[in-house]
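This report concerns only the one structure given below.
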Amino acid sequence: MNLNLILLDFDGTIADTFAETVKIFNQFAKKYGYRVVEDHEIENARSMNVWELLKFVQVPKHKVPFLLRKGRAMLYQNLDKIQVFEGIPNLLKFAEENQIPCGVITSNSKKNVERFIKLNDLPNIHFVKSSSRLLGKSREFKRVIKKRKIEKDKTIYIGDETRDIEAAHESGVKVISVTWGYNSKGALKDHRPDFMVDTADSLISILQDRIGAEA
């Protein structure tokens, strides 16, 4: 078997939190004087990396930790309204049937992710690691791989943002980008993920190829 661990992002990969995130941010924008993201600006915003987006909405970098903490707390209250992306439960079950554990590495809070997993009865998620920094995932990848004594080339990460691709490349982990999340297809393509998919069925096909499983 050529795959011993599957790592997944949460927001925009497992959970469809985009609309709720924009709603929460716009509440902050009105309260603290940042730029509100209008509906007609959303598609343009999806093409930006995290630093370009912060500049666009006029949020100083030193305010990011504060906004993340408050945003995570507000999201927790509405997790029962958030949907799982179609096909993700089947992906997790496929991995379970092939004895491949899954874990979540996210910049959301562990509390939020674990509650969402419970609310939606998602199988085969063995652990959740939360990075307190927007760009801290590479470090978490390395920690998980070292702790579980798994080779990098037998690990794969599934995410929806350009920063996911950058973190995976930095840590030497293969990455599959999904196009149903936060960043646009064009932005993802420009960062050269190892794979890019439009559906969860395509995700499963890639994993089948990696492990030699039958469809």
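Just so it is clear, none of the values below were taken in a lab; they were calculated from the coordinates. This one's a predicted model, so the numbers in the text were calculated from it and none came from an experiment. Please note: Cβ atoms are built from the backbone with ideal geometry, for glycine as well, and neighbour counts cover all protein chains shown.
Nearest 5 is fine: what % of DSSP beta bridges in the chain come out antiparallel, could you say?
The antiparallel proportion sits near 5 percent.
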For the chain, whose charge dipole is built from +1 on Lys and Arg Cβ atoms and -1 on Asp and Glu Cβ atoms, the candidate among 156, 54, 207 with its Cα farthest towards the positive end is 54
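From largest to smallest, what semi-axes in whole angstrom does region 79-184 give when each is the square root of 5 times an eigenvalue of its alpha carbon gyration tensor?
Values: eigenvalues 84, 57, 41 Å².
That gives 21, 17, 14 Å for the three semi-axes.
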If R0 = 35 Å, then residue 51 and residue 208, at their Cβ-Cβ distance, give a FRET efficiency to the nearest 0.05 of 0.45
Place a point 7 Å from the Cα of residue 96 in the direction of its beta carbon; the residues of region 1-31 whose amide N falls under 16 Å from it are 6
Note on region 18-81: contact order normalised by length, alpha-carbon pairs under 8 Å, 6 or more apart, percent, works out to 38
Going through 147/174; 55/147; 81/147; 63/137 one by one, the pairs whose alpha carbons sit over 30 Å apart turn out to be 55/147; 81/147
Cα gyration tensor of the chain diagonalised, 5x eigenvalues square-rooted, in angstrom largest first, produces semi-axes 29, 18, 17
Length gained if residue 2 through residue 86 is fully extended, taking 0.36 nm per residue and subtracting the Cα-Cα distance, is 27.6 nm
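For region 1-104, run through the GluC sites (Glu not before Pro) and keep only the ones in DSSP coil with at most 16 other Cβ atoms within 10 Å of their Cβ.
Within region 1-104, the qualifying GluC sites (Glu not before Pro) (loop, at most 16 other Cβ atoms within 10 Å) are 38, 86.
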Length gained, residue 199-residue 121, 0.36 nm per residue minus C-alpha separation, equals 26.0 nm
If R0 = 30 Å, then residue 143 and residue 27, at their Cβ-Cβ distance, give a FRET efficiency to the nearest 0.05 of 0.35
In debye to the nearest 20, the charge dipole size for the chain, taken about the Cα centre with +1 at each Lys and Arg Cβ and -1 at each Asp and Glu Cβ, equals 1440
